[in-house]
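Participant: Let me give you the structure first, and then I'll get to my questions.
Every number here is computed from the coordinates shown, using simple stated rules; none is lab data. Just so it is clear, the model here is predicted, and its values are computed rather than measured. A quick note on method: Cβ atoms are made from the backbone with ideal geometry, for glycine too, and the neighbour counts reach across all protein chains shown.
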Number of protein chains: 2
Amino acid sequence: MGFWSVLTYAHKLAEQRIKPGETVIDATAGTGADTLALTRMVGPKGNVYSFDIQQEALERTRSRLIEADVPADQVQLLLLSHDQLQEALPIASHGRIGAVLFNLGYLPGGDPTVITQPDSTIRALDQAFDLLRPGGLLCVTVYPGHPGGELEAAKVDDWFSQLRPEAGQAISYRMLNRRSAPYVLAAEKKHITQK
Amino acid sequence: MGFWSVLTYAHKLAEQRIKPGETVIDATAGTGADTLALTRMVGPKGNVYSFDIQQEALERTRSRLIEADVPADQVQLLLLSHDQLQEALPIASHGRIGAVLFNLGYLPGGDPTVITQPDSTIRALDQAFDLLRPGGLLCVTVYPGHPGGELEAAKVDDWFSQLRPEAGQAISYRMLNRRSAPYVLAAEKKHITQK
């Protein structure tokens with residue numbers, strides 16, 4: 001049967017935790033696969049905020065949503081960096097977000113020199129975790145295989161490894177015998193945080 | 001809800017793959033938790049071979065099975081090392097085993113100086129993987145926290161990382177922000193192996 005792919009694994013983690021009607025975030029829209037999956041998890045009364053710094057990514061995401069008949073007002077497509085989550089989300093939603101998903105690296109089929117950068121990614125993780133409700137999920141798919149990817153992966157590994165156990169639980173899910181394969185890092189916010 | 005514990009994760013991997021009526025192995029009986037779980041997965045027509053080098057572990061396993069009303073003839077308790085799997089299993093079962101589970105380290109509540117050793121553990125992994133049927137599961141829970149555990153963990157990590165992709169898929173599942181916590185390494189044998 002094979003083990004779950006990292007994409008399947010990330011979506012399983014999300015669908016087990018996201019509640020219908022809540023607000024969630026795709027921090028890196030890319031081709032829109034996560035954004036579309038998130039609209040189904042939150043259902044018709046939920047909202048998805050979807051970020052990307054490339055107009056091309058937002059267009060591809062928009063097309064994918066239209067093809068799937070997702071109502072236009074259910075997703076906010078924002079031409080912003082993943083380290084602008086906090087300023088872009090309404091204050092009232094802070095601490096109430098059900099999940100934030102990241103896919104690091106570059107836009108498949110896009111410009112491979114436009115990649116997520118370690119420093120802004122780390123800022124983005126801090127912001128994403130702060131935005132979560134208790135029990136909320138931060139899930140990052142890391143791509144160590146492209147130039148610059150390994151350094152970013154190491155920094156993101158450190159971020160999850162250093163998460164205070166009082167603030168949340170952190171796990172990794174990884175294919176071991178495929179060099180440079182993407183892997184999943186995830187954190188669940190504690191119900192009572194002492195951060 | 002929290003993430004699955006490593007014990008739960010290992011059992012989920014096993015129950016998704018083990019078929020009723022087949023033969024499986026607990027390579028390190030310990031307190032018998034895996035052996036008991038395996039008897040339920042293979043059902044009344046299946047068989048479990050359970051290995052441990054400590055009589056105390058086999059006694060504890062036997063007590064646990066009796067308490068749970070497992071028929072005595074369903075489990076073979078063998079006072080042998082995990083690197084004697086191949087010689088202990090009937091030749092006819094070689095290449096037909098559904099799963100082999102390992103829990104490394106020492107017997108909880110037993111003598112903490114009696115620990116699994118890297119060299120025999122690596123031999124045991126080679127044997128276990130050879131015994132599997134196509135689609136069969138090798139699942140190892142690694143304990144890096146005790147003296148000697150870290151070295152063994154590194155060697156077992158290497159074994160899984162070096163598994164040829166043509167022979168099988170290998171994954172890890174790990175808590176990241178609990179220092180020295182146990183973690184799971186697992187491999188699924190390919191349906192067509194070219195080993």
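Participant: With viscosity set to 1.002 mPa s at 20 °C, what whole-number translational diffusion coefficient in µm²/s follows for the protein assembly as shown from Stokes-Einstein and a Kirkwood radius over Cα pairs?
Facilitator: 95
Participant: Which FRET efficiency value, to the nearest 0.05, is calculated for B:Ser93 and A:Met1 with the Förster distance at 25 angstrom and r the Cβ-Cβ distance?
Facilitator: Rounded to the nearest 0.05, the efficiency is 0.70.
Participant: Sort segment B:1-115 into rounded, prolate or oblate with this rule: let a ≥ b ≥ c be the square roots of the eigenvalues of the Cα gyration tensor; rounded if a/c is under 1.5, and if a/c is not under 1.5, prolate when a/b is larger than b/c, oblate otherwise.
Facilitator: Cα axes put segment B:1-115 in the rounded bin.
Participant: Determine the sum of side-chain charges near B:Ser93: Lys and Arg each +1, Asp and Glu each -1, restricted to other residues whose C-beta is under 10 angstrom from that of B:Ser93.
Facilitator: +1
Participant: On to the next question. Provide the convex hull volume over Cα atoms per residue for segment A:80-123, in Å³.
Facilitator: 88
Participant: May I ask which of A:Lys189/B:Lys12; A:Lys12/B:Lys45; B:Lys19/B:Lys189; A:Lys155/B:Lys12 have a Cα-Cα span longer than 21 Å here?
Facilitator: Violating the 21 Å Cα-Cα cut-off are A:Lys189/B:Lys12; A:Lys12/B:Lys45; A:Lys155/B:Lys12.
Participant: Continuing with this model, one more query. Once the label point is set 7 Å along the Cα-to-beta-carbon vector, what list of distances in nm do you get between A:Gly109 and its counterparts in the other copies?
Facilitator: Nearest to farthest, the other copies are at 5.9 nm.
Participant: With a ≥ b ≥ c taken as the square roots of the eigenvalues of the C-alpha gyration tensor of chain B, please select rounded if a/c is under 1.5 and otherwise prolate if a/b is larger than b/c or oblate if it is not?
Facilitator: It comes out rounded by the Cα gyration axes.
Participant: Moving on to the next point. Could you pull the copy-to-copy label distances for A:Pro165, with points set 7 Å along Cα to Cβ, in nm to one decimal and sorted shortest first?
Facilitator: Listed shortest first, these distances are 3.7 nm.
Participant: Using Cα-only point scatterers and the Debye equation, what is log10 of I(q)/I(0) for segment B:89-177 at each q in 0.16, 0.23 Å⁻¹, rounded to two decimals?
Facilitator: Relative scattering, expressed as log10 I(q)/I(0), comes to -0.70, -1.22.
Participant: Please give me the summed charge of the neighbours of B:Gly109: other residues whose Cβ is under 15 Å from its Cβ, Lys and Arg +1, Asp and Glu -1.
Facilitator: Local net charge: -2.
Participant: Below 8 Å, C-alpha to C-alpha, sequence gap of six or more: please give me the relative contact order for chain B in percent.
Facilitator: That works out to 20 percent.
Participant: How high is the FRET efficiency from A:Gln162 to B:Gln162, r the C-beta distance, R0 30 Å, rounded to 0.05?
Facilitator: 0.55
Participant: Same structure again: Considering only the label points, 7 Å along Cα→Cβ from Cα, what distances in nm to one decimal separate A:Gly21 from the same position in each other copy, shortest first?
Facilitator: Spacings between copies for this position, smallest first, are 4.8 nm.
Participant: Considering only DSSP beta bridges where both residues belong to segment B:6-189, give the percentage that are antiparallel (nearest 5).
Facilitator: Antiparallel bridges make up about 45 percent of those DSSP assigns within segment B:6-189.
Participant: Near the axis that takes chain B to chain A, which B residue has its beta carbon closest, and at how many Å?
Facilitator: Value returned for chain B: B:Tyr173, 3.
Participant: Under the 0.36 nm per residue contour assumption, what length would be gained going from the current alpha-carbon distance of A:Lys19 and A:Leu80 to full extension?
Facilitator: Residue separation times 0.36 nm, minus the Cα-Cα distance, leaves 19.4 nm.
Participant: Tally Lys/Arg at +1 and Asp/Glu at -1 over every other residue whose Cβ is under 14 Å from the Cβ of B:Pro144; what's the total?
Facilitator: 0
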